[in-house]
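Here the structure is laid out as structure tokens; the discussion comes afterwards.
The values are calculated or read from the model by the stated rules, or taken from the named source; none is laboratory data. Values in this document were obtained by computation on a predicted structure and should not be read as measured data. Because the Cβ atoms are built from the backbone with ideal geometry, glycine has one as well, and the counts that use them run over all protein chains shown.
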Amino acid sequence: MERMKYRAEIDGLRAIAVITVIMFHAGFKYFRGGYIGVDIFFVISGYLITTIILSELDRGTFSLVTFYERRARRIMPALFTVLLASFICAWLWLVPADMKDFSRSLIAVLSFSSNILFRQTSGYWDTANELRPLLHTWSLAVEEQFYILFPYFLVLMSLYRKRWIFGSFMIIAAISLAAAQWGAYNEPEAAFYLLPTRAWELAIGAGISYYFLYREQELQTLLSEKD
């Protein structure tokens, strides 16, 4: 299988997602649903990570150490820059009570659990959140939790039940979407912040990746045989 090629259209989709989120937070009335950009990012992440892992598994070159090392090199420099800048600003301008709250969120970011903290302490649109400069890291925490768990799942499925991989993505997506729909009316903060109710978006991206890696080729083969 060929190495994954650069996909310019994915970067374009990322740009659209970023713009919608920025415009939403800037208060533009035509972007009141702009937070959908986060949903787009989760689908993209599911697609890219699945493509990388399955391609390397097929070539026999996948390594968990290498995978996590690449993720760290991609995420950590920008993350630590943001954390440092946020800490300096918080030290200069936040009152002690808010600085204590900031310190808790700083620890949560470093432990990949800021989504859990923010789910426990607030709703996303609370007025007090204007004084929480690290609130946006909840989505990064969801992705980091996904990065920790998902490679092990794919490795095990590839070793023992590879033909069930696509079906497992669809089952995960269905269960997660049902939980998210229930949570939207009963536990909205949990549905918004936590991995189990966001997994359906990641699973959709993973399913798209699997289709383009395997199913599309199989479908083309069947059609050519009929000709």
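Of all residue pairs spaced 6 or more apart or on separate chains, those with beta-carbon atoms under 6 Å, a first member in region 34-61 that is over 10 Å from ALA17 (Cβ atoms) and a second member that is polar (S, T, N, Q) are TYR47/SER209; THR50/SER209; THR51/SER209; LEU57/SER158. Inspect region 32-52 for any residue being among the aliphatic types (A, V, I, L, M) and loosely packed, with under 11 Cβ neighbours inside 10 Å and give the result as yes or no. Scanning region 32-52 turns up no residue that is among the aliphatic types (A, V, I, L, M) and loosely packed, with under 11 Cβ neighbours inside 10 Å. Evaluate the following for GLY60: is it surrounded by fewer than 18 Cβ atoms within 10 Å (Cβ to Cβ) and on the phi > 0 side of the Ramachandran plot? Yes: the conditions hold for GLY60.
Exactly one residue out of ALA78, ALA179 is under 20 Å from the mean Cα position of the chain (by Cα), surrounded by fewer than 17 Cβ atoms within 10 Å (Cβ to Cβ) and either polar (S, T, N, Q) or modelled with pLDDT of 90 or more (or both), and it is ALA78. The set of residues in region 54-72 being under 22 Å from GLY205 (Cβ atoms), assigned to a helix (DSSP H, G or I) and not small (Gly, Ala, Ser) consists of LEU54, GLU56, LEU57, ASP58, ARG59, LEU64, THR66, PHE67, TYR68, ARG70, ARG71.
Do we have any residue at all in region 32-53 that's farther than 30 Å from LEU156 by Cβ, assigned to a helix (DSSP H, G or I) and at pLDDT below 85? Checking region 32-53: not a single residue is farther than 30 Å from LEU156 by Cβ, assigned to a helix (DSSP H, G or I) and at pLDDT below 85.
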